[in-house]
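The values are calculated or read from the model by the stated rules, or taken from the named source; none is laboratory data. None of the values given here were measured: they were computed from a predicted structure. Because the Cβ atoms are built from the backbone with ideal geometry, glycine has one as well, and the counts that use them run over all protein chains shown. Remember, those area values only see protein heavy atoms, side chains included, never the ligands or the DNA or RNA. Shrake-Rupley method; radii C 1.70, N 1.55, O 1.52, S 1.80 Å.
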Amino acid sequence: MITEIVTLRLPGILAREDILERFDASARVWADNPDLIRKNYLLDIESGIVGGVYLWKTRKAAEKWHGPAFREQAREVYGAEPDIQFFDTPIVVDNVTGAVVRN
């Protein structure tokens with residue numbers, strides 16, 4: 001598994017409600033993504049940072065879905081270039097299901 005952290009520093013002030021509307025608009029797309037295990041949306045309104053933490057099946061999948069088209073869409077929707085980091089994720093503890101998942 002791969003954890004990907006995507007952050008964007010907003011170039012201007014956006015209201016929390018506007019950001020949440022943008023999050024909601026993309027949620028169904030991510031929910032239907034067969035390569036994605038989980039996505040957590042991130043919001044730090046005081047610092048003007050938004051983003052997501054993605055848990056992918058593979059790095060190849062992460063790179064597939066967050067290539068040039070994703071970067072362009074991020075610039076259009078948020079007016080910012082995304083910063084992307086990848087991390088190998090050998091173990092996930094899921095306290096909702098009680099599972100410990102090993103890669």
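Which residues, taken from the stretch 78-92, are closer than 19 Å to Gly48 by Cβ and over 14 Å from the mean Cα position of the chain (by Cα)? The answer is Gly79, Ala80. Filtering the stretch 62-103 to residues that are of a type in the set (Gly, Ala, Ser), free of Cβ contacts under 8 Å to residues at least 40 places away in the same chain and closer than 22 Å to Asp32 by Cα leaves Gly67, Ala69. Of note, Arg16 satisfies the criterion of being over 28 Å from Thr97 (Cβ atoms) and open to solvent by 80 Å² or more (accessible area, probe 1.4 Å). Apart from one condition, Glu46 fits all of (1) open to solvent by 90 Å² or more (accessible area, probe 1.4 Å); (2) part of a helix (DSSP H, G or I); the exception is (2). If you go through the stretch 22-56 and keep only what is modelled with pLDDT under 95 and either of a type in the set (D, E, K, R) or out of contact with any strand residue (DSSP E or B) (no Cβ under 9 Å at 6 or more places or on another chain) (or both), you end up with Arg22, Ala25, Arg28, Val29, Ile45, Glu46.
Pick out the one residue from Arg38, Arg59, Arg75 that is out of contact with any helix residue (DSSP H, G or I) (no Cβ under 7 Å at 6 or more places or on another chain), farther than 12 Å from Ile2 by Cβ and basic (Lys, Arg). Only one candidate passes the filter, namely Arg75.
Among the conditions (1) assigned to a loop (DSSP other than H, G, I, E, B); (2) aliphatic (A, V, I, L, M); (3) over 14 Å from Tyr78 (Cα atoms), the only one that Ile13 does not satisfy is (3). Could you tell me whether any residue of the stretch 26-42 is touching a residue at least 24 places away in the same chain (Cβ under 8 Å), β-branched (Val, Ile, Thr) and open to solvent by less than 20 Å² (accessible area, probe 1.4 Å)? No, the conditions are met nowhere in the stretch 26-42.
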